[in-house]
1. Take the residues of the stretch 268-308 that are acidic (Asp, Glu) and over 22 Å from residue 100 (Cβ atoms): which is farthest from the chain's Cα centre (by Cα)?
2. So which residues in the stretch 121-166 are assigned to a helix (DSSP H, G or I) and either among the small types (Gly, Ala, Ser) or not assigned by TED's automatic domain parsing to the domain that holds residue 58 (or both), if there are any at all?
3. Can you find even one residue in the stretch 276-291 that is of a type outside the set (A, V, I, L, M, F, W, C), more than 30 Å from residue 168 (Cβ to Cβ), buried (at least 19 other Cβ atoms within 10 Å of the Cβ) and touching a helix residue (DSSP H, G or I) at 6+ places or on another chain (Cβ under 9 Å)?
4. Quick check: is even one residue across the stretch 269-276 in a loop (DSSP other than H, G, I, E, B), free of Cβ contacts under 8 Å to residues at least 24 places away in the same chain and assigned by TED's automatic domain parsing to the domain that holds residue 159?
5. Going residue by residue through the stretch 44-63, is there one that turns out to be over 18 Å from residue 129 (Cβ atoms), without any contact (Cβ under 8 Å) to a residue 12 or more places away in the chain and charged (D, E, K, R)?
6. Kindly list, by first and then second residue, each pair from a residue in the stretch 337-355 that is farther than 21 Å from residue 5 by Cα to a residue that is surrounded by fewer than 16 Cβ atoms within 10 Å (Cβ to Cβ), limited to pairs with Cβ atoms under 6 Å and residues at least 6 apart or on different chains.
7. Within the bounds of the stretch 197-209, is there any residue that is assigned by TED's automatic domain parsing to the domain that holds residue 45 and on the phi > 0 side of the Ramachandran plot?
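The values are calculated or read from the model by the stated rules, or taken from the named source; none is laboratory data. Treat the numbers as computed from the prediction; the structure is a model and nothing was measured. Positions of Cβ are generated from backbone atoms using ideal geometry, with glycine treated the same way; all protein chains shown enter the neighbour counts.
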Amino acid sequence: MINYGRHFIDRQDINSVVEVLKSDFLTQGNFVKHFELNLNNYFGSRYSCVVSNGTAALYLAANVFKWKKGDLVFCSPITFLATSNCILSRDAKPYFIDIDESSYNINPYLIEKKLKLHSISSKAKAIVATDFAGNPCNWEMLKYLSKKYSLRLVNDNCHAMGSKYLGSKKYAVQFADIVTHSYHPVKNFTTGEGGAILTNNLAIYNKIQLLRSHGITKNIREIKFWGYRMIDFGYNYRLTDIQAALGISQLKKLDQFTAYRNKLAKIYDVHFKDNIYCEIPKIEKNVFHSYHIYPLLINFKKLGKNKEDLFRLFYKHNIKLQVHYIPIYQQPYYQNILSNKFNCPVAENFYSREVTLPLYYGLKKNDQLKCIDILKIFLKK
């Protein structure tokens, strides 16, 4: 079965994990600290705190900023549910902003339009922006808005590890107050499950460390040997040393992984850029796309066919496609709880056309060409 994405594990990764299994600490040991230092070096952050998954990272961000009932937090409807669920977890309201037609990211100019309304700007607290598919947002504009309107910035960077903005892989922490990662197996590198929060703010880092482990501090003078104190309401969002060891090994290959993903993306580009029914991803000159996924837009209406038939055709050939994503506000749960009725026509049109093609490190040339040939057959009238 060819999937839309998958992990790549080699002998180096296995040996790294085995080293931990033979050690004295499977969790809360030195491999976690080592992994965090490596993340700081690669992504340019002063501080990093690894956690159990990308969702945990987003929930911790929401808790650090103490969003509350009545607060509004801007986000894109074209992202995974966790991005907006973390807002709901604090009883705040996600305010969905339509995407840009070119980048497929949240449109900052539409955010500014909303912020000119006092009824919205008086309640707005933050922007959670996803670098969709590995394509960085317009972070210069988002930073401008955060300063002008006193908003917190969270970069949901889970798709874009290894991407560059303005020529730098270290862009995320230069613009956002908090950067969240996911190391799920389909991401650009993996720890199995796992994630991290990166920041340049010491106060944020200290708070994240506390909340990551039950809100407990062990720096207690009055009980020297066994003392600990719970000083805040926290969670068990820790990453194990087993996972950290895999992350250390995988991170060394991230540049290699993203280069291969770009090679595959260029092959798709060549085959579909001139097809009248297709639209390939657009990349700005100041961006290096890491291609967590390859989102191809197909005009099914013009073609006179539907997306379900395409998925059935591929499945018959043991190929699993995917769609990223159903607009979040169209999900039944959100329709039941949202007082605002959101209208994001660009996002809805994007969803109607988007198909995620197989793209991952280790995808063989013959398998990619098989996908291309099947899609070309489908695209014939």
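1. Initially, the stretch 268-308 is screened for residues acidic (Asp, Glu), giving 269, 274, 279, 284, 308.
Now narrow it down to the ones that are over 22 Å from residue 100 (Cβ atoms): 274, 308.
Working: 274: 30, 308: 26 Å.
Result: 274.
2. First, pick out the residues of the stretch 121-166 that are assigned to a helix (DSSP H, G or I): 121, 132-134, 139-148.
Of everything in the stretch 121-166, those that are assigned to a helix (DSSP H, G or I) and either among the small types (Gly, Ala, Ser) or not assigned by TED's automatic domain parsing to the domain that holds residue 58 (or both) turn out to be 121, 133, 134, 146.
3. Taking the stretch 276-291 first, the residues of a type outside the set (A, V, I, L, M, F, W, C) are 277, 279, 281-282, 284-286, 289-291.
With the extra rule that they be more than 30 Å from residue 168 (Cβ to Cβ), the set shrinks to 277.
With the extra rule that they be buried (at least 19 other Cβ atoms within 10 Å of the Cβ), the set shrinks to 277.
Retained after the next criterion (residues that are touching a helix residue (DSSP H, G or I) at 6+ places or on another chain (Cβ under 9 Å)): 277.
Yes: the stretch 276-291 contains one or more residues that are of a type outside the set (A, V, I, L, M, F, W, C), more than 30 Å from residue 168 (Cβ to Cβ), buried (at least 19 other Cβ atoms within 10 Å of the Cβ) and touching a helix residue (DSSP H, G or I) at 6+ places or on another chain (Cβ under 9 Å).
4. First pass over the stretch 269-276, keeping only residues in a loop (DSSP other than H, G, I, E, B): 273-276.
This time we only want the ones that are free of Cβ contacts under 8 Å to residues at least 24 places away in the same chain, so: 273-274.
Among the residues that remain, those that are also assigned by TED's automatic domain parsing to the domain that holds residue 159 are: none.
No, the stretch 269-276 has no match at all.
5. No, the stretch 44-63 contains no residue that is over 18 Å from residue 129 (Cβ atoms), without any contact (Cβ under 8 Å) to a residue 12 or more places away in the chain and charged (D, E, K, R).
6. 346/101
7. As a first pass, look at the stretch 197-209 and keep what is assigned by TED's automatic domain parsing to the domain that holds residue 45: 197-209.
Next cut, on the phi > 0 side of the Ramachandran plot only: none.
No, the conditions are met nowhere in the stretch 197-209.
Residue by residue, here is whether (1) at pLDDT below 95; (2) crowded, with 18+ Cβ neighbours inside 10 Å; (3) under 30 Å from residue 126 (Cβ atoms) holds:
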{"position": "10", "(1), (2), (3)": "no, no, no"}
{"position": "16", "(1), (2), (3)": "no, yes, no"}
{"position": "35", "(1), (2), (3)": "no, yes, yes"}
{"position": "45", "(1), (2), (3)": "no, yes, yes"}
{"position": "49", "(1), (2), (3)": "no, yes, yes"}
{"position": "54", "(1), (2), (3)": "no, yes, yes"}
{"position": "67", "(1), (2), (3)": "no, yes, yes"}
